[in-house]
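Structure record follows, encoded as structure tokens.
Here, each number is a calculation from the coordinates, and none is a lab measurement. Keep in mind that this is a model prediction, so the values were computed, not measured. Here the Cβ is made from the backbone with ideal geometry for all residues, glycine too, and neighbour counts use every protein chain on show.
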Amino acid sequence: MDLKLPITIHDELADEVIESKGMLDLASGEITQVKYIDYDLEDDGFPAEDEDYDFTCGTLSNGSKEVEFRIEVDVVGRTYSITPTELLELKGRAAKLFSAPPGGHPVDEPARKPAAKKRAAR
């Protein structure tokens with residue numbers, strides 16, 4: 001099964017956060033199709049190479065609910081991924097996130113119709 005989910009990536013530097021979007025492969029933990037928002041990779045370089053780089057995290061969203069997770073960065077390969085342990089934990093948290101109804105409200109049971117009164121036999 002090929003299940004990929006859109007995520008937001010946050011490269012945290014000392015004085016700024018560089019945001020990008022990508023696709024997380026839930027089978028392998030690889031993050032592909034990374035597109036930086038208001039950041040020029042060619043001019044400014046890979047964020048993790050910056051001397052002010054601290055860490056990278058990701059966000060998986062469903063409506064107003066979000067799940068945050070740690071992202072590993074391969075500076076040499078300029079790639080992002082998550083560890084198998086983090087992936088396993090994220091799958092459980094994502095299942096809860098996506099099984100929750102929109103807005104986080106419990107699902108209301110449909111109203112039951114009053115039982116029909118039996119007509120008296122004539």
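Note on the range 1-105: the C-alpha convex hull projects to 7.4 nm² when averaged across all orientations.
Checking every one of the GluC sites (Glu not before Pro) in the range 1-82 against DSSP loop status and a limit of 14 other Cβ atoms within 10 Å picks out GLU16, GLU51. Here's the list of aspartates and glutamates a cross-link from LYS4 could span, going by alpha-carbon distance under 12 Å and ignoring same-chain residues fewer than 8 apart: ASP25, GLU30. Summarising the label geometry, the points placed 7 Å from Cα in the beta-carbon direction at PHE98 and THR59 lie 2.0 nm from one another. Note: the range 38-93, Cα convex hull, 110 Å³ per residue. Taking 19 Å as the cut-off, the amide N atoms of the range 49-69 that come nearer than this to a point 7 Å along the Cα-to-beta-carbon line of VAL34 belong to 49-61, 68-69. Can you tell me which aspartates and glutamates have their Cα less than 12 Å from the Cα of LYS96? Leave out same-chain residues fewer than eight positions away. Partners within reach: GLU66.
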